[in-house]
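Asker: Dropping the structure in here first, questions after.
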Amino acid sequence: MADEFSFQITEQLKVISTSKSGWTLELNKVSWGGRPAKYDLRSWAPDHQKMGKGITLTDEELEALKTALNELLSV
């Protein structure tokens, strides 16, 4: 039997964009299955009960992404 799927948005950090349907692309801190919260970038329904595909990043991965984006934008 599969484990019950659970998540908790522990900190809402930034809404990146909003679609015409009301879904938002958000950067949040999310705890998946009771584990420590990680940075999470994905689309969410207005009530946060449904979500799209996304990526979850550790502090180190987010820092590496920030460095990569800064390098790309400074060209």
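The values are calculated or read from the model by the stated rules, or taken from the named source; none is laboratory data. Fair warning: this is a prediction, and the values are worked out from it, not measured in the lab. Neighbour counts are summed over all protein chains in view; Cβ atoms, including those assigned to glycine, are modelled from backbone coordinates with ideal geometry. We work out accessible area using only protein heavy atoms, side chains counted, and drop any ligands, DNA or RNA first. Shrake-Rupley method; radii C 1.70, N 1.55, O 1.52, S 1.80 Å.
Asker: Which residues, counting only those in region 25-46, are in contact with a Gly (Cβ under 9 Å, 6 or more places away or on another chain), of a type in the set (A, V, I, L, M, F, W, C) and not in a strand (DSSP E or B)?
Answerer: 45
Asker: Take residue 75 and tell me if it is assigned to a strand (DSSP E or B) and of a type in the set (A, V, I, L, M).
Answerer: no
Asker: Go through (1) part of a loop (DSSP other than H, G, I, E, B); (2) of a type in the set (Val, Ile, Thr); (3) at pLDDT 95 or above for residue 15 and report which single condition fails.
Answerer: For residue 15, the failing item is (1).
Asker: Kindly indicate which of 47, 40 is of a type in the set (D, E, K, R) and touching a Ser or Thr at 6+ places or on another chain (Cβ under 6 Å).
Answerer: Of the residues listed, the single one that is of a type in the set (D, E, K, R) and touching a Ser or Thr at 6+ places or on another chain (Cβ under 6 Å) is 40.
Asker: Six or more apart or on different chains, Cβ atoms under 9 Å: show the pairs whose first residue is in region 6-24 and farther than 18 Å from residue 56 by Cα and of a type in the set (A, V, I, L, M) and whose second is open to solvent by 70 Å² or more (accessible area, probe 1.4 Å) and assigned to a loop (DSSP other than H, G, I, E, B).
Answerer: If the second residue must be open to solvent by 70 Å² or more (accessible area, probe 1.4 Å) and assigned to a loop (DSSP other than H, G, I, E, B), no pairs are left.
Asker: Would you pick out the residues in region 21-60 that are open to solvent by 80 Å² or more (accessible area, probe 1.4 Å) and out of contact with any strand residue (DSSP E or B) (no Cβ under 8 Å at 6 or more places or on another chain)?
Answerer: Selection gives 21, 35, 36, 47, 49, 60.
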